[in-house]
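Student: Dumping the structure here so I can ask a few things about it.
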Amino acid sequence: MADVTRRAHNIAQLRALAKARLPRAIFEFIERGTEDDDLIARNVAALRDLRLLPRTLRDVSRRDAGIELFGRKQPLPLVIAPTGVSDLLWHHGERAIARAAARAGIPFTQTTSSTTSFADIAGCATSGHWMQMYLWERRDLSWRVVEAAGEAGAEVIVLTVDTPMWPLREFNKRAGMGNPVRVNRVLVSDFLKRPRWCAGVLARYYLSGGLPQFANYPSEVGRKLTGTVSRVANSASVSWDDVAELRRRWPGKLVLKGILSPEDARLALDHGVDGIAVSNHGGRNFDSSPPAIAMLPAIVDAVRDGLTVLFDSGVRRGADVAKAMALGAKAVLIGRATLYGCAAGGEAGAAHAIDLLRGEIDVAMAMLGVTRLDQLDRSYVMPGAAGPCSA
Ligand SMILES: Cc1cc2nc3c(=O)[nH]c(=O)nc-3n(C[C@H](O)[C@H](O)[C@H](O)COP(=O)(O)O)c2cc1C
């Protein structure tokens, strides 16, 4: 779909293209959340509900949205968030997103449940290769993943800490999109209603050896999307002691992803991690969680400048990025925005999603009267409606 740049002028339009192209089961897997599906909308609404206060009559003719993150300069304050299944959106979709990130000069985070090898992604993610992991019941298997990521040259390990159990994603049961995937009649019928996707994605995998598999799981965990993922992959017993152990084992940068409590943020600081991602997993894990943006200011206050605070969950506009940065985030992870782009048009679509955000960040900067993002602070952010300025 080479004309994706002409057909989508914002992330919402990319989403519509993705919805039209993907089988319902796959679209729902990326789109929906958990339980009553409230949190996704609340994440987006909480960001929308914040207002940004324009400042005027400043020379904003030269704007630079660049930042330095973990010692690397990058032209945009974005990082691609770890997301499974991108290979089901487009043939070799994960590589497509990693290449789009590299072209934009931003890091790509590879999920442990990736269906591409660390080495293959390392070859694509040339503007920063981060590796996300969960800690499993069999810690020895997790440490093997850490070693493999190091050997592949990953610069940052992102330990996701918000998933002690598999979340209640009941909607996935309709089409068997659980863990593991169970092929049923509904799933097959969803697929058949999208012949273009079947020809462009599914058939190409089958012609070249079969469906993608978890490429980096140890065999003890199980590799097939449709196989039984072993109970060793459970994370319920993981505690701060494990963070301390991971810190001892991993000399590179370490980020904890999925922090929502200021007290947990302080504990992260005590455990010597380099960064945290304030995130509710894009609303996919626990529907009663607060919107991530609501917790950002208190968390920034809790850690002061002791570590790097990243943010995600609900970002659909460049102005959302500006809001998170004004509230103290150093950079923003994007999940669904580039997934929609990839589903709509592969690498070109993912690149377009990043370009759209880039353009919107640029406009927001000019409107706010800043030439660099570190000029933003809380004085630019107001609550919604007619609420007072929080300066
Ligand atoms: C389809 C999908 C798969 C995801 N897989 C993972 C994962 O494997 N590990 C992880 O830490 N987060 C995962 N996430 C969460 C994202 O990393 C990120 O926190 C979230 O998408 C941010 O919210 P946004 O989609 O509103 O930008 C996933 C999100 C989506 C949409």
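Where a number appears in this text, it was derived from the coordinates with a stated rule and is not lab data. Note that the coordinates shown come from a computational prediction; the quantities given were computed from them, not determined experimentally. Glycine also receives a Cβ, built like all others from the backbone with ideal geometry; neighbour counts cover every protein chain displayed.
Student: Mind giving me the FRET efficiency for Val363 and Tyr206? R0 is 51 Å, r the Cβ-Cβ distance, nearest 0.05 is fine.
Tutor: 0.70
Student: Here is a further query. Below 8 Å between Cα atoms, with a sequence gap of 6+, how large is the relative contact order for region 4-382 in percent?
Tutor: Once divided by the residue count of region 4-382, the mean separation gives 28 percent.
Student: Still on this structure: For the residue pair Ala148 and Ser117, what label-to-label distance in nm results when each label sits 7 Å from Cα along the Cα-to-beta-carbon direction?
Tutor: Simple spin-label model gives 1.1 nm for this pair.
Student: Okay, which of region 355-382 sit inside 15 Å, backbone N to the point 7 Å along the Cα-Cβ direction of Arg55?
Tutor: Flagged as within label range: 364-382.
Student: Continuing with the same structure: Before rounding to the nearest 500, sum -39500 (n - 2.57) across all DSSP H runs of length at least 4 in the chain and divide by the residue total; then give [θ] at 222 nm in deg cm²/dmol.
Tutor: Mean residue ellipticity at 222 nm (helix-derived): -12000 deg cm²/dmol.
Student: Please name whichever of Leu22, Ile40, Leu57 sits farthest to the positive end of the charge dipole of region 1-85, dipole taken about the Cα centre and charges placed at Cβ: Lys and Arg +1, Asp and Glu -1.
Tutor: Leu57
Student: Here's something else I'd like to know. Hey, can you rank 122-133, 5-16, 83-94 by average C-beta count inside 10 Å, highest first?
Tutor: Highest mean packing first, the order is 83-94, 122-133, 5-16.
Student: For the charge dipole of the chain, defined by +1 on Lys and Arg C-beta atoms and -1 on Asp and Glu C-beta atoms about the Cα centroid, which residue among Val145, Pro82, Thr116 has the Cα displaced farthest towards the positive pole?
Tutor: Thr116
Student: Sorted by packing (mean other beta-carbon atoms within 10 Å per residue), highest first, where do 307-318, 334-345 land?
Tutor: Top of the packing list down: 334-345, 307-318.
Student: Of the GluC sites (Glu not before Pro) in region 1-81, which ones lie in a loop per DSSP and count no more than 10 other C-beta atoms within 10 Å?
Tutor: none
Student: Something else now. Work out the length of the dipole vector of the chain about its Cα centre, built from +1 on the beta-carbon of each Lys and Arg and -1 on the beta-carbon of each Asp and Glu, and round it to the nearest 20 debye.
Tutor: 1260
Student: Now a separate question. Put +1 on the Cβ of every Lys and Arg and -1 on every Asp and Glu Cβ in region 167-316; which of Val243, Phe214, Val315 then has its Cα farthest towards the positive end of the dipole?
Tutor: Farthest along the dipole direction, towards plus: Phe214.
Student: Can you tell which of Asn172, Asn184, Asn43 shows the greatest fluctuation in a Gaussian network model of the chain with Cα springs below 10 Å?
Tutor: Fluctuation is largest for Asn184.
Student: Here is a follow-up. Suppose R0 equals 25 Å. What FRET efficiency, 1/(1 + (r/R0)^6) with r the Cβ-Cβ distance, do Glu35 and Glu137 give to the nearest 0.05?
Tutor: Given R0 = 25 Å and the Cβ-Cβ separation, E is 0.50.
Student: For the peptides 280-286, 298-304, what is the packing order when you average, over each peptide's residues, the other Cβ atoms within 10 Å and list the highest mean first?
Tutor: Listed from highest to lowest mean packing, they are 280-286, 298-304.
Student: In a GNM of the chain with a 10 Å cut-off on Cα contacts, which of Lys173, Lys19, Lys257 has the highest mean-square fluctuation?
Tutor: For the chain, modelled as a Gaussian network with Cα springs under 10 Å, the answer is Lys173.
Student: Between Arg249 and Asp301, how many nm apart are label points set 7 Å from Cα along the C-beta direction?
Tutor: Between Arg249 and Asp301, the label points sit 3.7 nm apart.
Student: Let me see the P(r) profile for region 308-390: every Cα-Cα distance counted, bins of 10 Å, each bin given as a percent of all pairs.
Tutor: Result returned by the calculation: 18, 45, 29, 8, 1.
Student: Determine by what factor the alpha-carbon radius of gyration of the chain differs from 2.2 N^0.38 Å, reporting the quotient.
Tutor: With N residues counted in the chain, Rg over 2.2 N^0.38 Å equals 0.95.
Student: Given axes a ≥ b ≥ c from the Cα gyration tensor, I'd like to know whether region 190-326 is rounded (a/c under 1.5), prolate (a/b larger than b/c) or oblate.
Tutor: It comes out oblate by the Cα gyration axes.
Student: Find the percent of Cα-Cα distances in region 117-179 that exceed 14 Å, and round it to a whole number.
Tutor: 65
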